[in-house]
1. Are any of the pairs Lys178/Lys237; Lys107/Lys255; Lys237/Lys257 more than 25 Å apart by Cα-Cα distance, and if so, which?
2. Could you tell me which trypsin sites (Lys or Arg not before Pro) in the stretch 45-151 are loop residues by DSSP with no more than 11 other beta carbons within 10 angstrom of their beta carbon?
3. Need one number: nm distance between label points at Ser154 and Trp192, each 7 Å from Cα along Cα→Cβ, rounded to one decimal.
4. State to the nearest 20 debye the size of the charge dipole of the stretch 79-205 about its Cα centre, where the only charges are +1 on K and R beta carbons and -1 on D and E beta carbons.
5. Any chance you could get the radius of gyration and Dmax over the Cα atoms of the stretch 137-215, in Å?
6. With a 1.4 Å probe and every protein chain kept in, tell me what percent of the accessible surface of the stretch 150-240 is carbon plus sulfur.
7. At most 14 other Cβ atoms within 10 Å and a DSSP loop assignment: could you name the chymotrypsin sites (Phe, Trp or Tyr not before Pro) in the stretch 175-215 that fit?
8. Using only C-alpha atoms and all pairs of different ones, pull out the Kirkwood radius for the stretch 76-201 in Å with one decimal.
Amino acid sequence: MKNIRKLALSAVLGATALAPVAGHAQTTAPSTYVNAPLAAPVAPAQPKGHCGIFETCASTKIGLGKGDFMIRLSAVGVLPEDRDSRVWATAKAIGLNNTMLPGTRVKTTNQVMPELTFEYFVTDNISLDLIATSTRHEVSAEGGSALESLTHTSKTDVGSAWVLPPTVTVAWHFRPHKRLNPYVGVGGTFMWFHNMNAAGNALGTTKLNSGFTGGPSINAGVDYQLVGNWFFNFDVKQMFVRMHAWAENSDESLKVKAHDSLDPTVVSAGIAYRF
């Protein structure tokens, strides 16, 4: 009986000694699970936005600056001034030998045509541009008693001519990288007259010719960014060019020569795209 009591006491003491260990194991395991680091959530890939050709996006460059290249399509009006005209006639049959016809002047009609312009920005402020167009003009001689004595009219149609006036301009832009960017420029104009046709008139001229000519030019204008890489442009050029032309009849017994300061004012408005 005494041995049974000792065995029971030993069992109780052993169970008491094991209890803290079991309790510690139960509390430690959950804490390890709770404190484990969590993986960061992976955000789904976002598709890149597409900027349309007629949209202004965050990536769109505002204004114009170094390295920009533009092509511009405009409607251009060519308005010849016809200043300082002088006309001479040679007709030995009536005693004229390179005789000036006082009071007679040349008149050239205005014309509107499309124009193509190429422009490159060398720096933020300086650009080079080249215009390409060709316009057709009617030419007449008018005024003066000497002309009336030859043609019996105060105005005589001389003919028509196409003019190709390539013009190179260096421009200074005042507000680079701004939507509204005014500018001024200086340049040079070269003029070729082609497809010249003499008009039937009382003088009987059947040939019409003109020499190559050229001169300086000045201009002022403004570019305005409409949307994306599209710009509106308005430009006014003043060219200083003299024309030397002559008309003859079929047997060259009559020759009329004219010097005329065409000095055309060229006004254009159009849309440009920057590359």
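The values are calculated or read from the model by the stated rules, or taken from the named source; none is laboratory data. Keep in mind it's a predicted model, so treat the numbers as computed, not measured. All Cβ positions, even for glycine, are placed from backbone atoms using ideal geometry, and neighbour counts span all protein chains on display. Only protein heavy atoms, including side chains, enter the accessible area calculation; ligands, DNA and RNA are left aside. Shrake-Rupley method; radii C 1.70, N 1.55, O 1.52, S 1.80 Å.
1. Too far apart for the 25 Å limit: Lys237/Lys257.
2. Lys48
3. 3.9 nm
4. Dipole magnitude for the stretch 79-205 comes out near 100 debye.
5. Using the Cα atoms of the stretch 137-215, the pair Rg, Dmax is 20.1, 63 Å.
6. 66 percent
7. Phe212
8. Computed over the stretch 76-201, the radius equals 17.7 Å.
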